[in-house]
């Protein structure tokens, strides 16, 4: 049966849509993990175009390989662009980045098993097609003009609009990869607490997962160049969101914010209508220039929600979006980090206490410092390495209290080990790459393809 898609007559329906995500019964809370990776052709480390070129496979070939393994294909205008299986999906980002959006699962063990199964399948497909998959926050060698563009209509609209709002939006689309986790909330009040903790501690997550120190074949001066890119992408839809820390924050306040973010597109059937820069408020009043006289449907609201890019994003769940794509172990560490902080009452209260009294101005400055300085960024007279120890202890407590054991009796706490190593040494994946570049790689950034691929 098709999902209901009613016409939206007033703002209250938009608020109700967000509020419907509340899950008072904690046993129904789930964890959804997502990660992106670059695909490259092993003989020369070049990117894949959408269609095959001689003996070189295309990105379409990669999706077809997953379809042959039981994934169901999804097409747009005759192009295979995605596939789904068991509540998970694989999709294409604008520059051919390959994303796994995992199913909503109950434990970190389950979501890590899902990630592991996907990466093992990717490895097997990689052997067959002579391709590799690389987890970094920014492409280490490609220039912007050399990135193949994928045949998805919404991306055509975004590529035309991005340069009107910032200088790095096309880099965000074409040359970055991220890992994120999606989490539930019990109520409006719980959502607000989680949102505030998520925004305040996102710079720490960015530092811990920093993994994009290379650009066009050399060091770029940053630990997380991916994170830096967001500072000059589009001020309308990015940033620290000061209103989240105000007393008025709630579902309605978020809806008002989303209504004021300019639109990208409207989807009708399989077609995308360019509405870039136009107002969803006008759409709500039947006055949208792109579709005069027509009012939006819930699906239009859902689409519009996906076009905001803050470090934390609210839909009917919360998305934590501040981490670079990275090594296999870090793909499991990110959901463990945020689940530990936000899925246990004692841990969430402790995390809220940590950020108490932090000003938005302090957070905005930290957000600007972290891409270059990583864990050595200074905050409140200390570096993030020190803050990270406190926060990781809280996340560890939260995972311990969850008592979610694997079939072999292991706690979820073990998934934090790679982050503990960074806190103890002060070294992030980016620092390790830069160290290799100066020593055994002898300045050759191409080594990342053989040394760091999955």
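The table below gives the values:
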| item | result |
| --- | --- |
| Test set (1) closer than 30 Å to residue 110 by Cβ; (2) without any contact (Cβ under 8 Å) to a residue 60 or more places away in the chain - residue 361 fails condition number | (1) |
| Number of the exception - residue 345 against (1) at pLDDT below 95; (2) more than 23 Å from the chain's Cα centre (by Cα); (3) within 27 Å of residue 29 (Cβ to Cβ) | (1) |
| Long-range neighbours under 8 Å by Cβ, at least six apart or interchain, first residue on the phi < 0 side of the Ramachandran plot and in contact (Cβ under 8 Å) with a residue 24 or more places away in the chain within region 68-95, second in a loop (DSSP other than H, G, I, E, B) and surrounded by fewer than 16 Cβ atoms within 10 Å (Cβ to Cβ) | 76/270; 94/149; 95/149 |
| Filter pass, residue 16 being at pLDDT 95 or above, over 22 Å from the mean Cα position of the chain (by Cα) and either surrounded by 19 or more Cβ atoms within 10 Å (Cβ to Cβ) or closer than 30 Å to residue 294 by Cα (or both) | yes |
| Qualifying helices (runs of 4 or more DSSP H) (wholly inside region 97-187; at least 1 residues being surrounded by fewer than 21 Cβ atoms within 10 Å (Cβ to Cβ) and modelled with pLDDT under 95) | 153-161 |
| Qualifying residues in region 1-13 (those that are surrounded by 14 or more Cβ atoms within 10 Å (Cβ to Cβ) and in contact with a helix residue (DSSP H, G or I) (Cβ under 7 Å, 6 or more places away or on another chain)) - the one farthest from residue 294 (Cα to Cα) | 11 |
| Positions within region 259-272 being surrounded by fewer than 20 Cβ atoms within 10 Å (Cβ to Cβ) and either in contact with a helix residue (DSSP H, G or I) (Cβ under 9 Å, 6 or more places away or on another chain) or closer than 21 Å to residue 314 by Cα (or both), in sequence order | 259, 260, 261, 262, 267, 270, 271 |
| Positions within region 316-328 being farther than 17 Å from residue 197 by Cα, in a loop (DSSP other than H, G, I, E, B) and over 9 Å from the mean Cα position of the chain (by Cα), in sequence order | 316, 326, 327 |
| Number of positions in region 358-371 that are out of contact with any strand residue (DSSP E or B) (no Cβ under 9 Å at 6 or more places or on another chain) and outside any helix (DSSP H, G or I) | 1 |
| Region 284-304: number of residues that are within 24 Å of residue 163 (Cβ to Cβ) and buried (at least 21 other Cβ atoms within 10 Å of the Cβ) | 2 |
| For residue 58: the one exception among (1) without any contact (Cβ under 8 Å) to a residue 24 or more places away in the chain; (2) touching a helix residue (DSSP H, G or I) at 6+ places or on another chain (Cβ under 7 Å); (3) crowded, with 16+ Cβ neighbours inside 10 Å; (4) within 16 Å of residue 149 (Cβ to Cβ) | (2) |
| Number of positions in region 244-289 that are assigned to a loop (DSSP other than H, G, I, E, B) and either modelled with pLDDT under 95 or over 15 Å from residue 17 (Cβ atoms) (or both) | 21 |
| Set 237, 226: member being assigned to a loop (DSSP other than H, G, I, E, B) and within 19 Å of the chain's Cα centre (by Cα) | 237 |
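Residue-wise test of (1) crowded, with 19+ Cβ neighbours inside 10 Å; (2) in contact with a strand residue (DSSP E or B) (Cβ under 9 Å, 6 or more places away or on another chain).
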| site | (1), (2) |
| --- | --- |
| 335 | yes, yes |
| 343 | yes, yes |
| 356 | no, no |
| 373 | no, yes |
| 378 | no, no |
| 394 | yes, no |
| 399 | yes, no |
| 405 | no, no |
| 408 | no, no |
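The values are calculated or read from the model by the stated rules, or taken from the named source; none is laboratory data. Since we're looking at a predicted model, the values are computed, not measured. Counting neighbours? That spans all protein chains shown, and the Cβs are built from the backbone with ideal geometry, glycine included.
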